[in-house]
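First up is the structure itself, then whatever we jot down about it.
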Amino acid sequence: MPVRAALFSFFELDDLPRLMSAVESSGMPEETRVHVGSFGVNADTSALIRSHAGGRYSPMFKAEVRTEGWEMRRLTPDEERHVSRRFSGRVPDEPDLLRLSTAQRTNWGIEVGRRYRDSIRHARSAGVIVDKWQLDELGTQLAGSQGRQHREFVRGVLQGLTFGRGELDDNEGNGFVWATRRALRLASLPVDQELTAFWLQLGRASFRIVGEEYPDFVGDPARAARTWSDGQRALASGGPVRRALAGRYVAGMTPGYRIGHGLGGNVNGLSRADVNRWRNGYVTERARLGVAGFGEFHFVFENSRTTVMVDATRAVARGMSL
């Protein structure tokens, strides 16, 4: 296994001081790489995270959800002189993207990823420290009826994020890629030319692949851990690139108090103590099965309470110490 990494993602800036205090008091092993980030690049977020010992800033970006960066390219006048004007405008809406040729669709994805790297490059030029990036997410649509088209676009996004704009001296840089279980189960399928290209690019892009394991907190937690690890098992059953990704797999969890939004969690209204016992059992079994780290996603709404942050960060620290 590589050096293991812990990841804490998606929060409001006003809540970040409490999250960082919870991480700091969680008992996290000293050698653990702790990455923290929410959507978009933000100087104040970076400064606060980096003010804590061992804190690393890794902002998040959307894979297939329209954001401001999809509307137009934002480069300085000097940068524009060095970059082709192709794909400089508004990214087509999804129905139009899916009707484009493979080359056009992939190139639009590359442009989206490059626009995300533009924001990182501009922030770094202003003195903001950005350690890694996060991409949310390899969604279930990658395994749907138009999965090939979605994979081609997302493969482009990954390429653009990884390599940026060479003409502007961007260096290769990998990050965390969040993935649904359904998307990861594609790894158990035989590969063709398109899937081979997809897995190769994902392997190049991923510092860690983060499997979205969001079980309901019910029943035997060890059994749930074995069930919800199927994405990692699918990776491990594939060829060399997929097996390497399985070795860089982070178990992505959620604090559990935001119910009814596809996040699983405390659906039966367990007490705080029972939630912690269930989650600790899950984490213990996932550590036994073998992961490269643990992550927690969605510290907003009910999950933004201090007690929830404390419990979730302690669970991650527990997993990192096993």
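The values are calculated or read from the model by the stated rules, or taken from the named source; none is laboratory data. These numbers come from a predicted model, not from an experiment. Here the Cβ is made from the backbone with ideal geometry for all residues, glycine too, and neighbour counts use every protein chain on show. Quick note on the areas: whole protein, heavy atoms, side chains included, nothing else; ligands and nucleic acids left out. Shrake-Rupley method; radii C 1.70, N 1.55, O 1.52, S 1.80 Å.
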Among all residue pairs at least 6 apart or on different chains, which show Cβ distances below 8 Å where the first residue, located in the stretch 266-288, is under 13 Å from Asp311 (Cα atoms) and the second is surrounded by 18 or more Cβ atoms within 10 Å (Cβ to Cβ) and polar (S, T, N, Q)? Val275/Asn266
Within the stretch 272-322, work out how many residues are farther than 19 Å from Arg208 by Cα and part of a strand (DSSP E or B). 1
How many residues are of a type in the set (Lys, Arg) and closer than 29 Å to Leu195 by Cβ if we restrict to the stretch 70-113? 3
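Can you find, within the stretch 221-232, the residue that is most open to solvent (accessible area, probe 1.4 Å) among those that are out of contact with any strand residue (DSSP E or B) (no Cβ under 7 Å at 6 or more places or on another chain) and touching a residue at least 40 places away in the same chain (Cβ under 8 Å)? Give the derivation first.
Taking the stretch 221-232 and keeping what is out of contact with any strand residue (DSSP E or B) (no Cβ under 7 Å at 6 or more places or on another chain), we get 221-230.
Add one more test, that the residue is touching a residue at least 40 places away in the same chain (Cβ under 8 Å), and what stays is 221-222, 224-226, 228-230.
Working: Pro221: 27, Ala222: 23, Ala224: 16, Ala225: 0, Arg226: 99, Trp228: 61, Ser229: 6, Asp230: 26 Å².
In this case the residue turns out to be Arg226.
Is it the case that some residue within the stretch 234-250 is closer than 30 Å to Arg204 by Cα, in a strand (DSSP E or B) and out of contact with any Pro (no Cβ under 6 Å at 6 or more places or on another chain)?
Taking the stretch 234-250 and keeping what is closer than 30 Å to Arg204 by Cα, we get 234-250.
Pick out the ones that are also in a strand (DSSP E or B) and you get 249-250.
Subset that is out of contact with any Pro (no Cβ under 6 Å at 6 or more places or on another chain): 249-250.
Yes, that holds for at least one residue.
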If we keep just the residues of the stretch 62-93 that are open to solvent by 40 Å² or more (accessible area, probe 1.4 Å) and among the basic types (Lys, Arg), which is nearest to Gly40 (Cα to Cα)? Lys62
Out of Val23, Val34, Val41, which single residue is crowded, with 16+ Cβ neighbours inside 10 Å and in a loop (DSSP other than H, G, I, E, B)? Val41
Report every pair of residues separated by at least 6 positions or lying on different chains whose Cβ atoms are under 7 Å apart, first residue within the stretch 159-180 and farther than 13 Å from Lys62 by Cα and of a type in the set (A, V, I, L, M, F, W, C), second assigned to a loop (DSSP other than H, G, I, E, B) and open to solvent by 60 Å² or more (accessible area, probe 1.4 Å). Phe163/Glu172
Being closer than 19 Å to Phe8 by Cα and among the small types (Gly, Ala, Ser) narrows it down to one of Ala222, Ala179, Ala187, so name that one. Ala179
